[in-house]
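See structure below.
The values are calculated or read from the model by the stated rules, or taken from the named source; none is laboratory data. If you're wondering where the values come from, they're calculated on a predicted model, not measured in any experiment. Glycine gets a Cβ as well: all are built from the backbone with ideal geometry, and neighbour counts include every protein chain shown. Just the protein is used for accessible areas: all its heavy atoms, side chains included, with ligands, DNA and RNA removed. Shrake-Rupley method; radii C 1.70, N 1.55, O 1.52, S 1.80 Å.
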Amino acid sequence: MYRLMTGAEAGQVWERVAGGGVLRRPELEAAAATDVQEARDLAQQADGRAAGAQTLAEQADTKAERASNALGNLHLSTLNTRSQADGPQFVDGNRWVWQPGGTPNGGTVVSAADGGMWMREVSGALTPEMFGAAGDGVTDDTAAIIAVMAASTNQVVEYRRPYLIKPTSTINVPASSTHRMSGAGRLILGANTQLGTDAMTLRYVLTILTDDVHLENWVMDGQRTLQTHRLAGIVAYNARRPRLVRPRLYAWTGFGYLLQNCPGALVDDATVTDCGMMPGMAGEDPAATAGGAVGMDANLTPADPYYAAGCIVRGGTYSYNGLDGLSMSTPGGRAEGITALHNGQGDTVQSLSIGAAGIYYLAGADTTITGCTAAYNSGNGIDTGPNSSLVPRVKILNNTCFSNGSAGIQADDVAGVVIEGNTCFNNGQRGFNNQKAGIILASFGQVQGATIRNNRCYDDQGNAQTQTWGLGVGTSLTGGFSISNLLIEGNDFAGNKLGAIGSDAPSAPYGLVTSGYISARRNLGHLPNAVLPAGNTALNPINEYMFITPQGAGSTITFITPGRQGDMLILKSLGNTVTLKATGGNLALMGGTDKALGAGQTATLLYDGGAWSQVAGG
């Protein structure tokens, strides 16, 4: 210890710091530590008070904004008493400038006392509040919504609150406008809204009849249990490039949305649920009861400016709708990454054996349906018909379809269809029209040329076996229905109720084709503990089957069949005499000559040593 004897700190006790010549004052260090802790405590208190102040400030801003809007719109009437001589006005949070002409709209253009107009200078987006909306979800804001829509050409409109509407006619959305919802923003349809006198005629609350309209995060609640008329949320007609991005459409008695004759349309990440049903009323109209729909008038040609080619519906969920979840009929269209669940909930659908699809696609050449999930729908998971004429080049790729009432995938009235990479299991829960297969072809129409490749179709052995076939072909080959030229390759058909590939139409030989050929190659498949019905086919890993049905005597079929060691190929003519012509390479050489099969004759070929040779048959 040391005690200073002179200076300002005379008599104070100091200590020498160990290992050095530095002196320190213990009582000062203790006091400093106390001060530091107190400073920290005060800082924490200040932080807490600042956070509280921020919350209070935000609440105050919200209340002030509401008050400003309400008071501001009262102030708009004061502009009616001002003239050009009064100079620019500051009302409702914006600067207003005088112009000699214009049309008053109650929000951005207001009449001046001298016959001119006051124009609101808006640096950002328009809002319904500028036009007098209360935005409380209770007050009728129909007039404000109509007014802001009418003023939105080349503008962006922000909707941040719930707006109750009860229009008596459709609300039109002008061209080149963007309407964006955020926070609590939504349109709520008032009870018993009527756009006409006939309750069952479909009418539309929001109509797009012009180009380049964008709806973003758009939420509309149709409150269908409170309605007595059939109403759809959104319709776009003869409009180019409409964009519906993340729309949320709930509880409409008609469609959630309908886009017709809309080239370049995009619907991205939609949620459409509980649409297409009227409370307490049977008789759902299939033309009005899908959750969402994208289509084109059948009489349009590619030269028409509204020929709706290339429409895209991407992502999103369509569920619990009256009939189909999503219905599409556009050439070159694409349905991608959609989830369709529990559709077909309407009274008529439930009471009659018709069923409804998760995704229903018809009359659209060059269509692709890919990466979708369709489950628990009352009818088919994915359905492509029937159509009035053959639709070419449809692709159904990499989808998952399970636990649907009918088939996982159904293809009717298509030409050159490719069904590849799909997984279908536990379908046929309700068995409408004997459609119980994982994949079914030509049950109600015609198929000319189909490739069924690399699919997996199986029944869930943990439940009652319902999926009759892995692949069902020609469930009803009567009344002009037909199928020809079918390639079944590389599929896995396991554990289905009756077998891997088959038909319940034994009137056609093998129940598989009515003309042309069917080739089943390198599929995996087996039967459960059931008897294989006459005329149908069980598979094993190496056998390959080609059944030939020529359309006339003397037909020639040229085919290429690369083989693996030990593969067996069974050729059978199901009709008139046919000549099988082999060309080049490791083909079905059959001794190096063309092979003629008479009606009903069979030839069995074995691939051995790099070539095919006949081992049995005529």
Response to the item:
With R₀ set to 25 angstrom, the calculated FRET efficiency between the beta-carbons of M200 and T103, to the nearest 0.05, is 0.10
Worksheet item: If ligands, DNA and RNA are left out, what is the accessible area of W469 with a 1.4 Å probe, given in Å² to the nearest 10?
Response: 20
Item to complete: With a 1.4 Å probe and all protein chains in place, put T55, T210 in order of accessible area, largest first.
Response: T55, T210
Worksheet item: Considering only the other residues whose Cβ falls under 13 Å of the Cβ of T153, what net charge follows from Lys and Arg at +1 and Asp and Glu at -1?
Response: -2
Worksheet item: Where does region 162-269 land on Rg(C-alpha)/(2.2 N^0.38 Å)?
Response: 1.01
Worksheet item: Label T168 and T81 with points 7 Å out from Cα along Cα→Cβ: what is the distance between them in nm?
Response: 3.2
Discussion item. Semi-axes of the equivalent ellipsoid for region 353-458, please: Cα gyration tensor eigenvalues, times 5, square-rooted, ordered largest first, whole Å.
Written reply: 19, 15, 11
Fill in: Proximal charge balance of A112 [Cβ under 11 Å; K/R count +1, D/E count -1]
-1
Worksheet item: Using r as the Cβ-Cβ distance of A143 and D297, and R0 as 41 Å, what FRET efficiency do you calculate, to the nearest 0.05?
Response: 0.75
Discussion item. Under the rule of at least 5 residues apart or a separate chain, name every residue whose amide H is placed under 5 Å from the amide H of R240.
Written reply: D211, D212
Item to complete: Give, in whole angstrom and from largest to smallest, the semi-axes √(5λ) of the equivalent ellipsoid of region 118-165, with λ running over the eigenvalues of the Cα gyration tensor.
Response: 19, 10, 10
Worksheet, complete the sentence: Taking a crude spin-label model, label points 7 Å out from Cα along the C-beta direction, the R314 to T451 distance in nm is 2.5
Worksheet entry | Distant-in-sequence amide H partners of T423 (H built 1.01 Å from N, under 5 Å) | N399, T400, C401, R456
Practice prompt. Work the Kirkwood hydrodynamic radius out for region 85-130: mean of 1/r over every pair of different alpha-carbon atoms, inverted, in Å.
Written response: 10.9
Discussion item. Can you compute the FRET efficiency between T153 and T55 using 1/(1 + (r/R0)^6), with r the Cβ-Cβ distance and R0 = 41 Å? Round to the nearest 0.05.
Written reply: 0.60
Worksheet item: Per 5 Å bin from zero, what fraction in whole % of the C-alpha pairs of region 154-219 is there, up to the bin with the longest pair?
Response: 4, 16, 21, 23, 20, 11, 5, 0
